[in-house]
Amino acid sequence: MNSLHSLNDHARIAFSAIALGLNEAALDASIKYSKERKQFGRAICEFPMIRDMLAEIKVSIERSKLLVYEAANRMDDKEDWLPVSRMACLTSCEGAVASTLKAIQIHGGYGYTRDYPVERYFRDAKTLQVLAGGSIELKGKIAEEILS
């Protein structure tokens, strides 16, 4: 490990990957539930608001995936990976929190119960966001990098 980088710098790529997984799990659970749940005689996945939320979760996944893979590739290739890892962590963790909240909304009142996994995904995403350094700290470090 390079002495210039802390353990937390290395862990950010792992945190980003975990957040990406939470994002994907939230989408999978939401797709399944929205196809099964009927309201007004049709599956709720047919309603525009649900479709919008599903699309937003998918976009968040793809955005995060690009940054996480780029950060990991740069680290493997021994290139300057730190700036991208911080952006990946910020994007993935914020995306996971937003996506899991959308998943809870898609599940309605059931989203808050332990009968469905999305309430746990949200708690995990929020915890991960704090462990990764928090959005404010990451944004501060990203700003320092671009201003130096």
Checklist entry - Under the condition of being closer than 19 Å to S60 by Cα and at pLDDT below 90, which residue from the range 99-135 is surrounded by the most Cβ atoms within 10 Å (Cβ to Cβ)? => result A132
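Could you say which residue among S60, S99 is of a type in the set (G, A, S), over 30 Å from S148 (Cα atoms) and within 14 Å of the chain's Cα centre (by Cα)?
Working: S60 fails: over 30 Å from S148 (Cα atoms).
Residue meeting the stated conditions: S99.
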Next on the checklist: Kindly evaluate K141 against the criterion of being of a type outside the set (A, V, I, L, M) and at pLDDT below 95.
Outcome noted: yes
Item to check | Extreme residue, surrounded by the most Cβ atoms within 10 Å (Cβ to Cβ), among residues of the range 12-39 that are free of Cβ contacts under 8 Å to residues at least 60 places away in the same chain and of a type in the set (A, V, I, L, M, F, W, C) | outcome: I31
Checklist entry - Can you tell me how many residues in the range 40-66 are in contact (Cβ under 8 Å) with a residue 24 or more places away in the chain and over 26 Å from V84 (Cα atoms)? => result 4
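In the range 111-145, how many are in contact (Cβ under 8 Å) with a residue 12 or more places away in the chain and more than 11 Å from the chain's Cα centre (by Cα)?
Here is the first cut: in the range 111-145, the ones in contact (Cβ under 8 Å) with a residue 12 or more places away in the chain are 116-119, 121-122, 124-126, 128-129, 131-133, 135, 138-139, 141-142, 145.
The next check asks that each one be more than 11 Å from the chain's Cα centre (by Cα); those that pass are 116-119, 131-133, 135, 138-139, 141-142, 145.
Total meeting the criteria: 13.
Looking for something surrounded by fewer than 16 Cβ atoms within 10 Å (Cβ to Cβ), in contact with a helix residue (DSSP H, G or I) (Cβ under 6 Å, 6 or more places away or on another chain) and modelled with pLDDT of 95 or more - is there at least one such residue anywhere in the range 40-51?
Pass one, the range 40-51, residues surrounded by fewer than 16 Cβ atoms within 10 Å (Cβ to Cβ): 40-43, 46-49, 51.
Then keep just the ones that are in contact with a helix residue (DSSP H, G or I) (Cβ under 6 Å, 6 or more places away or on another chain); that gives 43.
Remaining after also requiring modelled with pLDDT of 95 or more: 43.
Within the range 40-51, one or more residues are surrounded by fewer than 16 Cβ atoms within 10 Å (Cβ to Cβ), in contact with a helix residue (DSSP H, G or I) (Cβ under 6 Å, 6 or more places away or on another chain) and modelled with pLDDT of 95 or more.
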Item to check | Condition met for T91 (under 12 Å from the mean Cα position of the chain (by Cα) and among the polar types (S, T, N, Q)) | outcome: yes
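The values are calculated or read from the model by the stated rules, or taken from the named source; none is laboratory data. On a predicted model such as this, the values are computed, not experimentally measured, just so you know. Glycine also receives a Cβ, built like all others from the backbone with ideal geometry; neighbour counts cover every protein chain displayed.
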